[in-house]
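The values are calculated or read from the model by the stated rules, or taken from the named source; none is laboratory data. The structure displayed is predicted, hence computed values, not measured ones. For neighbour counting, all protein chains shown are included, and Cβ atoms are generated from backbone atoms with ideal geometry for every residue, glycine included. All accessible areas refer to the heavy atoms of the entire protein, side chains included, with ligands and DNA or RNA removed. Shrake-Rupley method; radii C 1.70, N 1.55, O 1.52, S 1.80 Å.
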Amino acid sequence: MKKKSKGIGIAVILLLVLMVWDSSMVITYPNEFTVIKQFGKIVSIRQDAGLSAKVPFIQKAEKIENKVLLYDLAVSDVMTKDKKSMIADCFVLWRINDPQKYTQTLSAQKSNAEFRIDTIVYNSLKNVISSLSQEEVISGRDGELAQSIKENIGTTLEQYGIALLAVETKSLDLPDENKDAVYERMISERNNIAATYKAEGEEEAKEISNNTKAEIIVMQSEADAQAEETVAKGEAEYMRILSDAYNNKEKADFYLYLRSLDAAKETMTGDKKTLIIDETSPLADIFYQR
């Protein structure tokens, strides 16, 4: 009996040790925060993964997700600035960046966080779309609209310890009964804009062509005038040189001598190498030295 009682006592002690160990040790995984509370008050937050200790039975550990979370908003109707109805289907990427605020304001309940996110994002979506025309909303579906919604929300969710990473629209479309009419109108407007751009381009091209032709005419005229001026200067210089040559008898005689030789040379063309001149010819003077 004594041995049996002793064995039971050891088992009870081991059980108590295990209970104390289990109550005093906390495992924090990489994708979570561990919030340590004592009598309902936060005393510490464990963010690093690993094993840590707490006061057994007095302190309690609560887990909060430490990863990117997805919240899918319900499909809703929104109204544009020009009073056109559209169907919006959005989702949000978010995460907890301040577990203490998150716990204090939302009781660390994911459902409470999603309720806040739903309300704030929907109001922002409605406000942004109501400031845009239907055409602007449709053309902004490549990312501009989502960015505007996120900027409109700003830091509102930070008071809950939440970081808003992205607001994306899965679909933002027209009601089925309005699609065809709206798309046809948009196509017509785009065609009109394209026609306007084309006409403006052709008009500008015509103006550039006319200006270029006018510039070419002016440049040609200036070139012709400059050429005539150059020719006139050359002729004047020629006449000056000629006049200078005739003002001096020796120069004049030499000039006449050269001219006579040139004239004689011009008469001897082809195979004719014989020059026959009359003694009264001026060319004879260069040979008779008269």
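Among Phe91, Phe115, Phe39, the sequence by solvent-accessible area, most first, with a 1.4 Å probe is Phe39, Phe115, Phe91.
What the Cα convex hull of region 105-150 gives, in volume per residue, is 76 Å³.
Model label sites at Tyr29 and Asp48, defined 7 Å from Cα along the beta-carbon direction, differ in position by 2.1 nm. Computed with a 1.4 Å probe on the full set of protein chains, the accessible area for Tyr238 sits at about 120 Å². Ranked from largest, the principal axis spans of the Cα set of region 93-208 equal 70, 40, 19 Å. Available extension along the chain between Thr105 and Phe91 is 2.8 nm, counting 0.36 nm per residue and deducting the alpha carbon span. Counting Lys and Arg as +1 and Asp and Glu as -1, what is the net charge of the other residues whose Cβ lies under 13 Å from the Cβ of Glu237? Result for the local shell: -1.
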